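Nothing in this text is a laboratory measurement; each read-out follows from the coordinates by a stated rule. From a predicted model like this one, the values you see are computed outputs, not experimental measurements. A quick note on method: Cβ atoms are made from the backbone with ideal geometry, for glycine too, and the neighbour counts reach across all protein chains shown.
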Ligand SMILES: Nc1ncnc2c1ncn2[C@@H]1O[C@H](COP(=O)(O)OP(=O)(O)OP(=O)(O)O)[C@@H](O)[C@H]1O
Ligand SMILES: [Mg+2]
């Protein structure tokens, strides 16, 4: 890596604002993501995590502020940004009628890569999907589908990847598999921005964690920095470190409200209130 590359963060966000009609979702969001690191954006339902990801991946325009990804301004150079990223959304992009191998080969073809079949086989192997590769994706379990979805997003080796709730709905084993994949990506130099409702996911994976609440980033730090925000709870014989969940709930409040605008939010996202880490799904 050259000096020039190390100077500039992979993602830089400054003063981003976004409203949907009267709902002022983002009120000045600032953060940087270092190259090759894993950055977790935490927030209650409706806090605006997906909105941030959509702005950074050029699917949505911000009302104010600036953001750059891989050195390209998202407003001025959306094409360059798109070539530098991949996005795995909250809802999988897998085509169910195709087999896993066909899904992968199709994306490789669309990206004009040589040997799409070989690329597909390599990714199937990496994501432990070789055996299932010839089967229609419709027959895959949730975890297999999510792994295929992430595999598809890696085609072309984008330097920055966005994972919006990568493990929602997965069982613990499938989550661990996805976590291993994400770690491997970061070890290989890929920058990962993930959003999650699972605090243990952020604890496990993230180099830095930012908490989005009432339209701004209210805390941003390493896990140990965040834990230091609360004094360790002590009893006479046992010293207890606060978990990230304790820190999160202390900062955000555990009333189930997403903020001043909670009553205005869409029913499909507002219903759960503070869902992080507590959702039985
Ligand atoms: N296109 C849109 N039109 C109107 N309102 C929107 C639109 N997109 C998002 N919103 C609203 O903006 C707020 C933030 O939504 P967003 O999807 O970014 O939240 P989130 O943090 O990703 O939530 P979740 O944890 O449920 O995925 C919500 O109140 C949502 O209803
Ligand atoms: Mg979301």
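Could you list log10 I(q)/I(0) for region 9-83 at q = 0.25, 0.27 Å⁻¹, which the Debye formula gives when each Cα is one point scatterer?
The Debye formula, applied to the Cα set alone, gives -1.25, -1.40.
What does the convex hull of the Cα atoms of region 122-233 come to per residue, in Å³, rounded to a whole number? Please report the intermediate quantities before stating the final value.
Details: hull volume 14.8 nm³, N = 112.
Dividing the Cα hull volume of region 122-233 by its residue count gives 132 Å³.
Roughly how many nanometres apart are two label points built 7 Å out from the Cα toward the Cβ at residue 250 and residue 157?
4.4
Calculate the length of the line joining the C-alpha centroid of region 84-137 to that of region 146-210, in whole Å.
Distance between centres, Cα-based: 17 Å.
Translational diffusion coefficient of region 53-105 at 10 °C, 1.306 mPa s, Stokes-Einstein with Kirkwood Rh over Cα pairs, in µm²/s as a whole number.
Calculated translational D: 125 µm²/s.
Specify whether the C-alpha gyration tensor of region 81-167 places it in the rounded, prolate or oblate class, a ≥ b ≥ c being the square roots of the eigenvalues: rounded for a/c under 1.5, otherwise prolate if a/b is larger than b/c and oblate if not.
Verdict is oblate for region 81-167.
With each pseudo-label sitting 7 Å past Cα toward Cβ, what's the residue 230-residue 216 distance in nm, one decimal?
Result for the modelled spin labels: 2.3 nm.
What percentages make up the Cα-Cα pair-distance distribution of region 184-231 when the bins are 10 Å wide from 0?
Cα pair-distance distribution for region 184-231, in percent: 22, 54, 21, 3.
For an R0 of 22 angstrom, estimate the FRET efficiency from the Cβ-Cβ distance between residue 97 and residue 59 and round to the nearest 0.05. Display every interim value, and only then the final one.
On the way: r = 25 Å, r/R0 = 1.13.
That gives a FRET efficiency of 0.30.
Once you order the gyration tensor axes a ≥ b ≥ c over the Cα atoms, which shape class does region 1-130 get: rounded for a/c under 1.5, otherwise prolate or oblate by comparing a/b with b/c?
Prolate shape, in that a/c is at least 1.5 and a/b is the bigger ratio.
So what's region 118-187 giving for Rg/Rh, alpha carbon basis, Kirkwood Rh from the mean inverse pair distance? Walk me through the numbers on the way to the answer.
Numbers: Rg = 11.7 Å, Rh = 12.5 Å.
Checking Rg against Rh, the ratio lands at 0.93.
Obtain the nm distance between the two label points defined at residue 8 and residue 141 by a simple spin-label model: each point lies 7 Å from its Cα along the Cα-to-C-beta direction.
Spacing of the two 7 Å Cα→Cβ label points: 4.3 nm.
Hey, quick one: spin label on residue 243, modelled 7 Å out along Cα-Cβ, who in region 202-225 has an amide N within reach, i.e. under 14 Å?
Label zone hits: 202-204.
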